[in-house]
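Peer 1: One structure is given below, represented as structure tokens, and several questions about it will come after.
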Amino acid sequence: MDDLKSYSLGELKAYLKSQNFAAFRAEQIFYWIYAKKVCGFDSMTNLPKDLRDHFKSKFYLSDISLNERQISQDGTEKFSFQLNDKNLIESVVIADKLRNTLCISTQAGCRFSCRFCLSGKTGFIRNLSVSEIINQYLLVNRFIAPKKITNIVFMGMGEPLDNFENAVKAITILTDPKAIAFSKRKITISTCGLIPEIQAMKKLDLGVKLSISLHSADNDLREKIMPVNKKYPLKELIQALKKLKPERDGLTFEYLLLSINTRVEDAEKLAKLLKGIKSKVNLIPYNGSNFQFKAPEPEDLELFTQTLKKRGVFFTVRKSKGQDISAACGQLAVYRKEKAK
Ligand code: SAH
């Protein structure tokens with residue numbers, strides 16, 4: 001049995017043709033799954049019976065089950081979902097006046113071991129399937145109704161570009177006008193800097209925004225806090241990004257605020273590194289008592305941001321939300337049900 005929610009529209013059309021069914025049925029099936037949100041093939045009343053029977057014997061419509069829903073004092077919500085193999089993954093909704101941003105996970109655990117991140121500390125368990133990624137969206141949207149998710153960031157657990165095929169296919173289904181029809185411009189993929197996959201994604205021209213977890217403009221320091229920098233050093237990463245002409249889609253650099261990367265010289269280096277790249281820097285307050293790092297002293301941070309301003313670096317400061325329920329950046333972890341309870 002195959003999971004129908006892991007099929008893109010193109011794949012489903014190809015499958016139908018291969019089985020001598022009309023390709024346009026794929027659009028009808030997508031309508032039932034994503035607009036009508038039915039749970040079974042018998043509800044798809046405009047499909048001929050032989051087609052319904054065929055699908056019943058070959059496919060199922062997957063779901064993930066809610067394990068826990070927590071609401072923070074600031075309105076941030078964390079959802080823990082149980083997968084079929086009992087792994088628990090987490091999704092977060094960050095609400096502000098205008099937006100409800102869903103932070104989605106793409107892997108159970110992560111293999112990149114950024115020194116400041118809890119998801120990295122747990123190690124890698126497995127990639128999420130396409131439907132496990134999409135079902136986070138479908139379920140959270142159902143739970144928060146009548147509110148609706150307005151933005152999606154691939155910034156939950158895992159490295160989306162390390163689960164490239166599934167992340168790309170999930171985006172295709174999320175943005176397909178015949179499926180979920182989510183606006184491409186409202187989706188951001190965040191990566192620790194996997195150069196070949198960044199290039200491959202750009203070639204696909206998905207139209208989603210790209211965010212790079214930079215965290216330091218100094219190669220040695222970046223390597224210390226992000227081991228992935230050994231494989232893809234800063235200089236190569238920046239060169240690759242320049243070639244991609246990223247400004248069309250919108251490029252952001254995420255920069256974690258630690259005591260070790262917010263000296264005046266760090267701001268100077270950052271300004272120099274990003275010169276000529278049309279982008280925005282998103283400064284992220286450090287969440288975590290689990291690691292050896294410290295947040296900067298307020299007066300050092302002030303000097304750091306003043307220097308960025310002087311050097312013409314465009315930046316915003318991300319509000320840290322949901323700390324009381326461990327829903328903030330870098331606080332998501334994967335558990336198995338037996339251990340969690
Ligand atoms: N693997 C992807 C996406 C997941 S992490 C990436 O690296 O971009 C999403 C963001 O949270 C990244 O910018 C990451 O560096 C940041 N982050 C991780 N740990 C954090 C922490 N303890 N405090 C604040 N931000 C953190």
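Peer 1: So which residues in the range 150-165 are crowded, with 21+ Cβ neighbours inside 10 Å and not in a strand (DSSP E or B)?
Peer 2: Hits for the range 150-165 are MET155, GLY156, MET157, GLY158, GLU159, PRO160, LEU161, ASN163.
Peer 1: Out of ILE180, ILE189, which single residue is of a type in the set (Val, Ile, Thr), away from the ligand (no atom under 16 Å from the Cβ) and open to solvent by less than 50 Å² (accessible area, probe 1.4 Å)?
Peer 2: ILE180 is the lone residue from the list that is of a type in the set (Val, Ile, Thr), away from the ligand (no atom under 16 Å from the Cβ) and open to solvent by less than 50 Å² (accessible area, probe 1.4 Å).
Peer 1: With ILE189, ILE133 as the choices, which residue is in a strand (DSSP E or B) and free of Cβ contacts under 8 Å to residues at least 40 places away in the same chain?
Peer 2: Only one candidate qualifies: ILE189.
Peer 1: In the range 14-49, how many are open to solvent by less than 40 Å² (accessible area, probe 1.4 Å), part of a loop (DSSP other than H, G, I, E, B) and of a type in the set (Ser, Thr, Tyr)?
Peer 2: 0
Peer 1: Mind checking which residues of the range 168-177 are free of Cβ contacts under 8 Å to residues at least 24 places away in the same chain and either open to solvent by less than 20 Å² (accessible area, probe 1.4 Å) or among the small types (Gly, Ala, Ser) (or both)?
Peer 2: none
Peer 1: A further question on this structure: Applying the selection to the range 279-291, what residues are free of Cβ contacts under 8 Å to residues at least 60 places away in the same chain, out of contact with any Cys (no Cβ under 8 Å at 6 or more places or on another chain) and of a type in the set (S, T, N, Q)?
Peer 2: Passing the criteria: SER279, SER289.
Peer 1: Specify which of the listed residues (ARG111, ARG126, ARG115) is open to solvent by 10 Å² or more (accessible area, probe 1.4 Å), part of a strand (DSSP E or B) and farther than 20 Å from SER72 by Cα.
Peer 2: ARG126 is the lone residue from the list that is open to solvent by 10 Å² or more (accessible area, probe 1.4 Å), part of a strand (DSSP E or B) and farther than 20 Å from SER72 by Cα.
Peer 1: Here are the criteria: (1) more than 23 Å from ALA108 (Cβ to Cβ); (2) open to solvent by 20 Å² or more (accessible area, probe 1.4 Å). Tell me which single one GLU132 does not satisfy.
Peer 2: (1)
Peer 1: Which one of THR76, THR101 is farther than 29 Å from LEU194 by Cα and within 16 Å of the ligand (Cβ to nearest atom)?
Peer 2: Unique residue meeting the criteria: THR76.
Peer 1: Spot the failing condition for GLY75; the list is (1) under 21 Å from LYS13 (Cβ atoms); (2) open to solvent by less than 50 Å² (accessible area, probe 1.4 Å); (3) in a loop (DSSP other than H, G, I, E, B); (4) out of contact with any Ser or Thr (no Cβ under 7 Å at 6 or more places or on another chain), and only one is missed.
Peer 2: (1)
Peer 1: Shifting gears a bit: Exactly one of these conditions fails for GLU165: (1) of a type in the set (Asp, Glu); (2) within 13 Å of the ligand (Cβ to nearest atom); (3) free of Cβ contacts under 8 Å to residues at least 24 places away in the same chain. Give me its number.
Peer 2: GLU165 satisfies all of (1) of a type in the set (Asp, Glu); (2) within 13 Å of the ligand (Cβ to nearest atom); (3) free of Cβ contacts under 8 Å to residues at least 24 places away in the same chain except (2).
Peer 1: Using beta carbons and a limit of 6 Å, which pairs, at least six apart or on different chains, have the first residue in the range 301-313 and among the polar types (S, T, N, Q) and the second one surrounded by 19 or more Cβ atoms within 10 Å (Cβ to Cβ) and in a loop (DSSP other than H, G, I, E, B)?
Peer 2: Between residues of the range 301-313 that are among the polar types (S, T, N, Q) and residues that are surrounded by 19 or more Cβ atoms within 10 Å (Cβ to Cβ) and in a loop (DSSP other than H, G, I, E, B), there is no close pair.
Peer 1: Would you mind listing the helices (runs of 4 or more DSSP H) fully within the range 215-321 where at least 3 residues are open to solvent by less than 70 Å² (accessible area, probe 1.4 Å) and farther than 19 Å from CYS117 by Cα?
Peer 2: Result: 234-243, 264-274, 298-310.
Peer 1: Just to check your reading of the model, which residue among GLU90, GLU11, GLU68 is in a helix (DSSP H, G or I), under 19 Å from LEU128 (Cβ atoms) and charged (D, E, K, R)?
Peer 2: Selected residue: GLU11, the only one of GLU90, GLU11, GLU68 that is in a helix (DSSP H, G or I), under 19 Å from LEU128 (Cβ atoms) and charged (D, E, K, R).
Peer 1: Is it the case, given these coordinates, that ILE212 is under 18 Å from the mean Cα position of the chain (by Cα), more than 25 Å from CYS117 (Cα to Cα) and of a type in the set (Val, Ile, Thr)?
Peer 2: Criteria not met by ILE212.
The values are calculated or read from the model by the stated rules, or taken from the named source; none is laboratory data. Quick caveat, the model's predicted, so the values are computed rather than measured. Note that we place each Cβ from the backbone using ideal geometry, even for glycine, and neighbour counts take in every protein chain shown. Areas reflect the complete protein model, heavy atoms only, side chains present, ligands, DNA and RNA absent. Shrake-Rupley method; radii C 1.70, N 1.55, O 1.52, S 1.80 Å.
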